[in-house]
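Asker: My questions will all concern the structure given below.
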Amino acid sequence: MPTEPLSQKEIEDRLRELPGWSQEGDRIARTYRLGTHFAATAMVVHVAQIQEELNHHSDLTLGYNTIGLTVNTHDAGGAITEKDFTLAARVEEIAPSHGAG
């Protein structure tokens, strides 16, 4: 059963619940800043674990002390779906434990 794309209004409503996240074309995205490269790397590993649990994966970018995530749902034709917001919410839950802001 395919995942249904969200309407633009649904996307905007959900983004209001996730400060720091924004829509970039057909994806939702966020950049986190951390204190050190090691902290950023540890958070990437934690995000990868969550993605495996959800079987839903973002594009992750690791910088010196930053992490960038962009995500959409491939099995919905690259649209934004509830799966993307579930992943974003889970990442938001763990970000403070890594000192991410």
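Asker: Rounded to a whole number, what % of the accessible area of the chain do carbon and sulfur atoms account for, probe 1.4 Å?
Answerer: Carbon and sulfur atoms account for 55 percent of the accessible area of the chain.
Asker: Tell me the per residue accessible area of the chain using a 1.4 Å probe; a whole number in Å² is fine.
Answerer: Each residue of the chain exposes 55 Å² on average to a 1.4 Å probe.
Asker: Please state, rounded to one decimal and in Å, the Kirkwood hydrodynamic radius that region 1-54 gives when every pair of distinct Cα atoms enters the mean of 1/r.
Answerer: The Cα-based Kirkwood calculation yields 13.4 Å.
Asker: For region 91-101, just list the computed ³J(HN,Hα) in residue order, Karplus coefficients 6.51, -1.76 and 1.60, θ = phi - 60°, integers in Hz, with x standing in for Gly and Pro.
Answerer: With coefficients 6.51, -1.76 and 1.60, one gets 5, 4, 5, 8, 4, x, 5, 9, x, 7, x Hz.
Asker: Another question about this same structure. Over the Cα atoms of the chain, each weighted equally, I'd like the Debye log10 I(q)/I(0) at q = 0.10, 0.18, 0.20 Å⁻¹, rounded to two decimals.
Answerer: One equal scatterer on each Cα of the chain leads to -0.25, -0.79, -0.96.
Asker: So for Thr66, Thr73, what's the accessible-area order with a 1.4 Å probe, most first?
Answerer: Heavy-atom accessible area, descending, gives Thr66, Thr73.
Asker: According to a simple spin-label model (label point 7 Å from Cα along Cα-to-Cβ), what is the distance in nm between Ala48 and Thr31?
Answerer: For Thr31 paired with Ala48, the spin-label model returns 2.3 nm.
Asker: Output ³J(HN,Hα) for region 13-30: one whole-Hz value per residue in order, computed from phi by the Karplus curve 6.51 cos²θ - 1.76 cosθ + 1.60 with θ = phi - 60°, and x for Gly and Pro.
Answerer: Each residue of region 13-30 in turn: 4, 5, 5, 5, 7, 10, x, x, 8, 9, 8, 10, x, 9, 9, 9, 8, 7 Hz.
Asker: Restricting to Cα pairs below 8 Å that are 6+ residues apart, what does the relative contact order work out to for the chain? Please round to a whole percent.
Answerer: Over the chain, the number comes to 35 percent.
The values are calculated or read from the model by the stated rules, or taken from the named source; none is laboratory data. These figures come from a predicted structure and were not determined experimentally. Note that we place each Cβ from the backbone using ideal geometry, even for glycine, and neighbour counts take in every protein chain shown. SASA here: full protein model, heavy atoms, side chains in, ligands and nucleic acids out. Shrake-Rupley method; radii C 1.70, N 1.55, O 1.52, S 1.80 Å.
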